[in-house]
Amino acid sequence: MSRPAARIALVTPALADANNGNWQTARRWAQMLRHQHAVRVLPQWTGGDEDLLIALHARRSAASLVAWRERHPQRPLLLVLTGTDLYRDIQTDADAQRVQHRAKTTVCLQSSPSRRTLPKTGRHLRALMVGHLRDEKSPCTYFEAA
């Protein structure tokens, strides 16, 4: 007898129209989870009877995490720290600090599938930068590193 599918609320601060990193992560996770579970992607969790809450971005999902814990104190929740959490918000934002629990933290690295190595040239540098560029992701940092 197979186990019934879990009902999952996946909270992301940005939906498809933003097309940013948080949305891409949420879309990818929802796609993987939907093979075995019922997934509802939301900008904020305000109620529902899901079995699990997965929230992207500590600061922007803090209200959802608090509401979930109040409504479902025994049900699991998972907070995914995003890039902005890691390089800024965890150090400075009280909401982000309040909802993340270091003692329970597990690092899960994401990666892309292996790609075929392209021939290299010594004549020039081939480089690519992908990201939602703004002050903390300045293209100047990339150019300086290159």
Leading residue at positive end of dipole, the chain (Cβ point charges), from Ala9, Val39, His72: Val39
Computed ³J(HN,Hα) along segment 100-105: with the Karplus parameters 6.51/-1.76/1.60, θ = phi - 60°, integer Hz and x for glycine or proline, the list is 9, 10, 4, 5, 9, 6
For 69-80, 6-17, 48-59, ranked highest to lowest by mean beta-carbon neighbours within 10 Å, the order is 48-59, 6-17, 69-80
Put a dot 7 Å past each Cα toward the Cβ at His35 and Ala127; how far apart are the dots in nm? 3.6 nm
Rounded to the nearest 10, the angle in degrees between the Cα long axis of helix 58-71 and the longest principal axis of the Cα atoms of the chain comes to 20 degrees
Taking a probe of 1.4 Å and leaving out DNA, RNA and ligands, the chain shows per residue an accessible area in Å² of 73 Å²
Quick one: which residues, 5+ away or cross-chain, put their amide H under 5 Å from the amide H of Thr82? H built at 1.01 Å from N. His57, Ala58
Can you figure out the FRET efficiency of Ala94 with Ala16, using R₀ = 25 Å and their beta-carbon distance, to the nearest 0.05? 0.25
Quick one: angle between helix 21-33 and the longest Cα principal axis of the chain, in degrees between 0 and 90, rounded to 10, please. 60 degrees
In nm, to one decimal, how far is the Ser114 label point from the Ala6 one, both placed 7 Å along Cα→Cβ? 3.0 nm
Would you please give the residues with an amide H less than 5 Å from that of Leu42, counting only those at least 5 places away or on a separate chain, with H modeled from the backbone geometry? Leu10, Val11, Thr12
If each residue of separation counts as 0.36 nm, what is the full-extension length gain between Thr46 and Gln74 once their alpha-carbon separation is subtracted? 8.3 nm
Karplus 3J(HN,Hα) series, Hz, for segment 81-96 with 6.51 cos²θ - 1.76 cosθ + 1.60 (x for Gly, Pro): 6, 9, x, 5, 4, 6, 9, 8, 5, 4, 7, 10, 9, 4, 5, 5
List Ser138, Ser61, Ser114, ordered by accessible area with a 1.4 Å probe, largest first: Ser114, Ser138, Ser61
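The values are calculated or read from the model by the stated rules, or taken from the named source; none is laboratory data. Nothing here was measured: the structure is a model prediction, and the numbers come from that model. Please note: Cβ atoms are built from the backbone with ideal geometry, for glycine as well, and neighbour counts cover all protein chains shown. Note: areas computed on protein heavy atoms with side chains; ligands, DNA, RNA excluded. Shrake-Rupley method; radii C 1.70, N 1.55, O 1.52, S 1.80 Å.
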